[in-house]
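Notes for the one structure printed next.
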Amino acid sequence: MNTGIVCSEKYFNKIAVYNSAFANKQEIKKYLYGLGIPFDRKVYIPEQPHTAFVMTWKMVIKYAHVLFFANDQAIWDKSLNWRLEYHHDGEFAFGKDLLRE
């Protein structure tokens, strides 16, 4: 489940950062909704080196308060064209438009 791709200028054309440290549940859901990912898009969420979840983006938004809590987390879809990272201190990084060689 490790793609080796992280949210940085090395891999993505656009990087956006959002600090949710003082945001409530609704503000975080609004941020995730605003990323423009279709609700029915299936995304991958790794939990351990050989274990991951596949769920829809709508489920990510609905359960954001559980997914983005105290642990670092990463989410992407099969296109690898974007990646969302959450750092345990409340910072989201969203990389978009994968640079292809």
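The values are calculated or read from the model by the stated rules, or taken from the named source; none is laboratory data. All values reported here derive from a predicted model rather than from experimental measurement. Please note: Cβ atoms are built from the backbone with ideal geometry, for glycine as well, and neighbour counts cover all protein chains shown. Ligands, DNA and RNA are stripped out before the accessible areas are found, and what is left, the full protein with its side chains, is counted by its heavy atoms. Shrake-Rupley method; radii C 1.70, N 1.55, O 1.52, S 1.80 Å.
Taking every C-alpha pair closer than 8 Å and separated by at least 6 residues, the mean separation divided by the residue count of the chain gives a relative contact order of 36 percent. Give me the distance between the Cα centres of region 40-59 and region 66-101, rounded to whole Å. Distance between centres, Cα-based: 12 Å. Which entry in (i) 14, 43, 27, 13, 3, 0; (ii) 17, 53, 27, 4, 0; (iii) 15, 52, 31, 2 matches P(r) over Cα pairs in 10 Å bins from 0, in percent derived from the coordinates of this structure? Checked against the structure: label (iii).
Would you kindly state how much longer the chain becomes between Ala23 and Phe39 on full extension, computed as 0.36 nm times their sequence separation minus their alpha carbon distance, in nm to one decimal? Write down the numbers at each step before the final one.
Values: separation 16, 0.36 × 16 = 5.76 nm, distance 2.21 nm.
Taking 0.36 nm per residue and subtracting the Cα distance, the gain is 3.5 nm.
Can you give the net charge of the other residues whose Cβ lies under 10 Å from the Cβ of Ile61, counting K and R as +1 and D and E as -1? Its environment carries a net charge of +4. Compared with the direct C-alpha span, the chain from Asp89 to Glu9 gains 26.7 nm at full extension, assuming 0.36 nm per residue. Heavy-atom accessible surface of the chain, averaged per residue, reaches 67 Å², computed with a 1.4 Å probe. Lysine pair count for the chain (Cα-Cα distance under 16 Å; residues 8 or more apart in sequence or on different chains): 12.
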